[in-house]
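Some notes on the structure that comes next.
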Amino acid sequence: MSTEAYSEYQLVVGLEIHIQLSTESKLFTAESTAYGQPPNTNVSVITLAHPGIMPKLNKKAVEYAIRMGLACGCDISRYCIFDRKNYFYPDSPKGFQTTQDRTPICIGGVVPVNLKDGEEVNVKLNRIHLEEDAGKSIHDEHSDESFIDLNRAGVPLIELVTEPTIHSADEAMAFMTEIRRMVRYLEICDGNMEQGSLRCDANISVRKKSDTELGKKVEVKNMNSIRNVGRAIKHEFKRQINLVEEGKPIITETRLYDANTGTTFSMRTKEELNDYRYFPEPDLSPFEVTEDWLNEIRLSMPATPRQLRSRFVEEYGLSVYDTEVLTSEKEVAAFFEEVCEKTTHYKQVANWVMGPIKSILNEQEGDEITIPIAPEQLSELVEAVENKKINSSLAGKQVFPYLVNNTNKTVSDAISELKIDISGQDDISDIILEVLGAFPEKVKAYQNGKKNLMGMFMGEVMKKTEGAANPQKANELLRDALDKKEKEE
Amino acid sequence: MKITKEIVRKTAHLARLEFGSEDEDQIMNDLQKMVDWVDKLSEVDTERVEPLTTMSSEINAFRDDKPKPHLPRKDALKNAPKHNSEYFTVPKVID
């Protein structure tokens with residue numbers, strides 16, 4: 001099909017993001033939420049839905065949900081109840097999920113995100129509500145049985161629902177990236193998509209740009225990385241347009257994303273005809289969010305990435321690009337701020353963090369982020385270069401790697417152990433004479449007015465000193481030596 | 001509200017109940033009686049009454065976020081119709 005046909009259509013996406021709250025215990029019961037435990041060991045009579053049990057709400061889960069709501073500029077509901085969402089599926093032994101249908105804890109809200117081209121778009125939220133997670137079903141262990149592990153059943157989630165106002169895969173990815181960053185900054189979720197602590201379902205439809213009504217939507221699940229969210233959306237966009245162009249109907253259904261092929265396929269479960277028959281959960285008492293409690297949460301809340309970005313621009317005079325890079329991971333931003341308490345050469349600190357430190361972090365595997373150098377070490381290193389104690393090339397090539405390998409050592413330790421000559425004057429004088437001796441023609445040209453040969457001499461000197469010379473000092477000495485030669489002749 | 005065969009079948013499916021078609025008429029009549037009986041409540045004017053969501057007058061019954069010891073797996077699996085040493089097992093739920 002021609003690309004013109006695609007351009008006649010508009011993509012319409014709404015996202016539902018499930019964020020697993022990093023509380024220690026479950027939403028309504030006291031068993032541990034630790035990931036990766038042996039199957040069915042984090043379960044209680046409440047999770048198993050034995051008769052006569054009474055659930056009780058985890059206060060911290062409510063606070064975490066409110067943090068996210070405040071960070072997204074939502075209205076926080078002051079009076080909440082829970083509802084039962086009724087359905088039969090083996091990973092939920094009660095026969096219903098306890099969720100918030102009528103009184104979501106957070107209503108509305110907006111998350112501004114920056115697209116690659118620098119454009120800022122606002123993603124509108126519909127709501128954020130509290131609910132419990134289901135257990136896990138394992139379908140591939142046995143030919144005609146599914147295995148059920150209920151460790152995850154009852155783990156607290158917030159579900160964040162956007163309005164269907166996302167119109168490109170890039171926008172969806174930028175939004176997911178920002179949400180992941182936010183939950184990690186707010187310390188309410190580890191943001192791990194591989195392990196499913198952060199999950200994204202996308203409601204995708206297409207319509208002719210001239211249409212005002214929305215097309216039939218398809219729900220896509222099983223995208224376990226931000227990149228896959230983008231790929232799934234791009235694939236669905238094309239698939240649905242192709243169907244429309246061929247005059248075939250789009251079926252409202254749930255499809256799963258296959259990361260191996262980059263395509264989606266219909267999830268045919270044996271459970272059809274859903275009618276959730278929501279009604280208020282009578283076993284849980286309602287809860288109220290008072291002004292005092294809300295203020296307490298507001299005051300104790302860690303900064304959001306957005307707050308940090310504007311602080312970095314204002315306090316440290318950094319560019320928008322620099323602040324984007326520095327705040328991409330919470331740990332990196334915190335490290336940057338710590339170093340900036342010890343030195344005022346903010347831009348230099350930023351350069352070290354975005355250059356050599358980032359490249360080490362990029363090599364690290366998994367989601368864990370370990371900053372390879374201590375904040376004191378980096379501030380000392382920046383100061384040493386700024387005070388011309390060592391030059392930047394030496395700092396980068398020798399001192400920095402030394403400090404990374406010896407996080408308990410100081411810059412002075414590095415200088416003495418690496419036998420770095422910080423005076424350097426005599427050594428360089430010899431080298432300068434050597435260089436000038438090797439290029440008599442060029443020296444003459446310089447003396448005849450080709451002053452821009454200075455750069456070439458400097459280059460040779462730096463090459464011979466393996467970058468160890470202080471460029472400013474070397475420049476001075478070089479100029480002196482050339483002047484001296486001139487007088488000699 | 002008129003209870004139709006359609007409603008009976010849908011409700012049966014949602015509740016995972018199975019019965020023969022010969023019982024359908026009887027169930028439909030019984031269900032109609034129940035619904036009519038409850039419908040009596042509609043006669044009360046509830047215009048300015050807040051919906052009642054719980055029988056308790058308690059509010060903010062919170063629990064601190066502290067894990068506590070729970071069930072050993074052996075006990076957790078014990079009452080299930082089917083299980084192996086680690087998992088509850090059920091008829092396959094996905095094609």
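The values are calculated or read from the model by the stated rules, or taken from the named source; none is laboratory data. All figures in this text were calculated on a predicted structure; none of them were measured in a lab. Note that each Cβ is placed from the backbone with ideal geometry, even for glycine, and that neighbours are counted across all protein chains shown. Keep in mind that these areas ignore ligands, DNA and RNA; they rest on the heavy atoms of the full protein, side chains included. Shrake-Rupley method; radii C 1.70, N 1.55, O 1.52, S 1.80 Å.
Towards the positive end of the charge dipole of segment A:425-488, with charges on Cβ (+1 Lys, Arg; -1 Asp, Glu), say which of A:Phe457, A:Tyr446, A:Ala474 has the farthest Cα.
A:Tyr446
Which net charge results for the neighbourhood of A:Glu460, defined as the other residues with beta-carbon distances under 10 angstrom from its beta-carbon, given Lys and Arg at +1 and Asp and Glu at -1?
It works out to a net charge of +2.
Which links in A:Lys59/B:Lys10; A:Lys94/B:Lys66; A:Lys136/B:Lys10 stretch past 30 Å when you go from one Cα to the other?
Result: A:Lys59/B:Lys10 exceed 30 Å.
Could you list, in their original order, any pairs among A:Lys85/B:Lys5; A:Lys464/A:Lys484; B:Lys5/B:Lys92; A:Lys330/A:Lys389; A:Lys388/A:Lys485 whose Cα atoms are separated by more than 23 Å?
A:Lys85/B:Lys5; B:Lys5/B:Lys92; A:Lys330/A:Lys389; A:Lys388/A:Lys485, as the Cα separations exceed 23 Å there.
I'd like the Kirkwood hydrodynamic radius of the protein assembly as shown, using the inverse of the mean 1/r over distinct C-alpha pairs, in Å. Please list the in-between numbers first.
On the way: mean 1/r = 0.0343 Å⁻¹.
About 29.2 Å, per the Kirkwood formula over Cα pairs.
Using a cut-off of 12 Å between beta-carbons, work out the net charge of the residues near B:Leu71 (Lys and Arg +1, Asp and Glu -1, B:Leu71 not included).
Details: positive: B:Lys68, B:Arg73, B:Lys74, B:Lys78; negative: A:Glu31, B:Asp75.
With Lys, Arg at +1 and Asp, Glu at -1, the net is +2.
For peptide A:82-90, compute the average count of partner chain beta-carbon atoms within 10 Å of each residue's beta-carbon.
So the per-residue partner count for this stretch is 2.
Can you list the residues, at least 5 places off or on another chain, whose amide H is less than 5 Å from the amide H of A:Leu57, using H built in the peptide plane?
So A:Leu57 has HN proximity to B:Arg63.
Please work out the Cα center distance from segment A:343-379 to segment A:90-106, rounded to the nearest Å.
Taking the Cα centre of each part, segment A:343-379 and segment A:90-106 sit 43 Å apart.
A:His345: net charge of surrounding residues, Cβ under 11 Å, Lys/Arg +1, Asp/Glu -1, itself excluded?
Net local charge, A:His345 excluded: 0.
Between A:Asn475 and B:Ala15, what is the spin-label point distance in nm, taking each point 7 Å from the Cα along the Cα→C-beta axis?
8.8 nm
Any idea how far the Cα center of segment A:274-321 sits from the one of segment A:233-250, in Å?
Cα centres, segment A:274-321 to segment A:233-250: 38 Å.
Residues of segment A:3-293: accessible area per residue at 1.4 Å, in Å²?
42 Å²
Pop out the carbon and sulfur fraction of the accessible area of the protein assembly as shown as a percent, whole number, probe 1.4 Å.
Carbon and sulfur together cover 50 percent of it.
What is segment A:425-488's relative contact order, in percent, from Cα pairs under 8 angstrom and six or more apart in sequence?
Taking the mean separation of contacting Cα pairs over the length of segment A:425-488, I get 41 percent.
Exactly which GluC sites (Glu not before Pro) in segment A:277-344 are in a DSSP loop and have at most 15 other Cβ atoms within 10 Å?
Taking segment A:277-344 and a limit of 15 other Cβ atoms within 10 Å, the loop GluC sites (Glu not before Pro) found are A:Glu341.
Taking amide H positions as placed in the peptide plane 1.01 Å from N, state which residues far from A:Thr263 in sequence (5 or more) or on other chains have amide H under 5 Å from it.
A:Asp258
Tell me, what HN-Hα J-couplings in whole Hz come from the Karplus equation 6.51 cos²θ - 1.76 cosθ + 1.60 at θ = phi - 60° for each residue of segment A:60-75, using x for Gly and Pro?
Once θ is set to phi - 60°, the couplings for segment A:60-75 become 5, 4, 5, 4, 4, 4, 5, 3, 5, x, 5, 5, 9, x, 7, 7 Hz.
Given contacts defined as C-alpha pairs under 8 Å and at least six residues apart, what's the relative contact order of chain A, whole-number percent?
14 percent
Near the amide H of A:Arg255, under 5 Å away, which other amide H atoms are found, from residues 5 or more places off or on another chain, if H is placed in the peptide plane?
A:Glu219, A:Val220, A:Lys221, A:Met267
With labels modelled as points extended 7 Å from the Cα through the Cβ direction, what inter-label distance (nm, one decimal) is found for A:Asn362 paired with A:Leu256?
3.5 nm
I need the phi-derived Karplus couplings for segment A:151-163: 6.51 cos²θ - 1.76 cosθ + 1.60, θ = phi - 60°, integer Hz, Gly and Pro marked x.
Once θ is set to phi - 60°, the couplings for segment A:151-163 become 4, 7, 4, x, 5, x, 10, 10, 10, 9, 10, 8, 6 Hz.
Rounded to the nearest 500 deg cm²/dmol, what is the calculated helix-only ellipticity per residue at 222 nm for chain A, with -39500 (n - 2.57) per DSSP H run of length n ≥ 4?
My calculation for chain A gives -11500 deg cm²/dmol from helical runs alone.
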